[in-house]
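Below is one structure, written out as C-alpha cells; comments come after it.
The values are calculated or read from the model by the stated rules, or taken from the named source; none is laboratory data. No experiment lies behind these values; they were computed from the predicted model shown. No Cβ is skipped: glycine too gets one built from the backbone with ideal geometry, and neighbour counts run over all protein chains shown.
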C-alpha cells in the first residue's frame with residue numbers, strides 16, 4: 001500500500017518545536033546581558049538599531065537576530081523616534097545598578113558552551129563550521145564544502161527535515177489551489193514531500209524537484225513510497241547557477257531562510273525570470289512580524305537558522321519586497337502549520 005502525504009496530523013506538533021527551540025532564548029538573553037551589555041548601553045541613551053549594531057560591532061544579520069529576539073521577549077521597544085529603549089521589566093531588572101537587578105544571576109550562564117557558541121556566531125556572522133576547511137553543515141553553495149555533498153550526512157539531515165515537512169505538507173496542499181496547473185517546480189525540494197502532497201491533492205499535476213544529487217536519492221525513494229514516481233521528476237541542479245526548468249508554479253518551501261538577503265534576492269529573481277506570464281512563485285516559510293519584533297517562537301527559530309545556515313527568519317514585508325523587486329505581484333499570506341506561511345507572487349500576464 002502506498003503512503004499518503006495529503007492527510008494532516010490529528011494533533012498540532014507546534015508546541016514541540018517551540019520547546020525544542022527554547023534554548024536559544026537562554027543563549028540570546030545571556031549573551032545580551034553578560035557579553036554585549038545591551039541593557040547597560042540602551043539605558044544610558046536610546047539607540048537606533050543601527051547605532052546599537054555599531055556599538056556592538058555586529059553585522060546586519062546578527063544584529064537583526066539579536067534585537068528581534070529581545071524585542072519579542074518584551075525587553076526592548078521602539079520609541080516614537082524609532083530608537084530602542086528598555087521596557088519597564090528590563091528597566092527594573094536588567095538595567096545595571098537597578099534595585100531589583102537580576103543580570104548577575106543570568107550571567108551565571110555566561111560561560112556555558114551554548115552561550116559562548118552563540119556569542120561566537122553573533123560576532124563572526126558565520127554559521128557553525130563555516131570555515132574554509134569545513135564549509136557549512138546544512139547548506140550547499142558552489143565553491144563551499146558542505147555536508148550536503150556527503151551521502152550519509154545528507155541523508156540524515158534531509159530525513160530529519162522531512163519529519164517536520166510531513167506535518168506541514170498536507171496543510172500547504174489544502175491551502176494552495178493548483179487547478180489547471182500543469183507543472184510545479186520545487187526548488188531545493190529535498191525529499192519532495194511538499195511536491196508529493198500537492199501531487200496527491202492534484203491528480204493532473206506533474207512536478208520537478210530540483211536539488212543536490214545526494215539529496216535526490218531520498219526524493220526518488222519517497223516518490224516510489226508515495227506512488228507518484230510517474231509524475232515526479234528528480235532533477236539534479238544548483239538553484240544559483242543552473243537554468244531552472246520551466247513550470248507554471250514554482251515553490252520555495254523553507255529555502256530562503258537558509259540564506260542572507262543578497263542570496264534570497266538572487267534566488268527569487270531567478271525563479272521570477274523563469275516563470276511564464278501568469279505563473280506563480282510560492283514562498284513557504286516562517287514569518288516574523290513586519291516590525292521585526294516577534295513573535296517569540298519565530299524569533300528563536302531565527303536564532304537557530306542563524307547559527308546553522310547563512311540565513312535567518314524574514315518578515316512578510318521583506319518577502320514582499322523580494323517579490324516586488326523581482327517583478328512579481330505579492331498575494332495575501334496564508335498560514336499553514338508550525339509557524340509557516342505561504343506568500344504567493346504572480347508574474348503579470
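Residue 166 falls short on exactly one of the conditions (1) surrounded by 22 or more Cβ atoms within 10 Å (Cβ to Cβ); (2) in contact with a helix residue (DSSP H, G or I) (Cβ under 8 Å, 6 or more places away or on another chain); (3) in a helix (DSSP H, G or I), and that condition is (1).
When you go through 108, 84 one by one, which is the residue that is touching a helix residue (DSSP H, G or I) at 6+ places or on another chain (Cβ under 8 Å) and modelled with pLDDT of 95 or more? Unique residue meeting the criteria: 84.
Within region 309-324, one or more residues are outside any helix (DSSP H, G or I), over 19 Å from residue 121 (Cβ atoms) and at pLDDT 95 or above. For region 14-114, which helices (runs of 4 or more DSSP H) that fit wholly inside it have 3 or more residues that are free of Cβ contacts under 8 Å to residues at least 24 places away in the same chain? Correct list: 14-21, 49-56, 88-93. In region 197-214, what residues are within 22 Å of residue 336 (Cβ to Cβ) and out of contact with any strand residue (DSSP E or B) (no Cβ under 7 Å at 6 or more places or on another chain)? Hits for region 197-214 are 197, 200, 201, 202, 203, 211. Taking the listed residues 248, 293, 230, the one that is farther than 27 Å from residue 83 by Cβ and in contact (Cβ under 8 Å) with a residue 24 or more places away in the chain is 248, with no other qualifying. Among the residues making up region 312-346, those that are closer than 23 Å to residue 273 by Cα, touching a helix residue (DSSP H, G or I) at 6+ places or on another chain (Cβ under 7 Å) and buried (at least 21 other Cβ atoms within 10 Å of the Cβ) are 314, 322, 323, 328, 342, 343, 345.
Taken over region 169-210, the residue count meeting the criterion of being within 11 Å of residue 222 (Cβ to Cβ) and assigned to a loop (DSSP other than H, G, I, E, B) is 4.
Of all residues in region 55-71, at least one satisfies being at pLDDT 95 or above and either in contact with a strand residue (DSSP E or B) (Cβ under 6 Å, 6 or more places away or on another chain) or outside the structural domain of residue 105 (by TED's automatic domain parsing) (or both).
Exactly one residue out of 205, 216, 199, 210 is in contact (Cβ under 8 Å) with a residue 12 or more places away in the chain and in contact with a helix residue (DSSP H, G or I) (Cβ under 6 Å, 6 or more places away or on another chain), and it is 205. When region 211-248 is limited to residues that are outside any helix (DSSP H, G or I) and under 17 Å from residue 169 (Cα atoms), the one that is farthest from the chain's Cα centre (by Cα) turns out to be 227.
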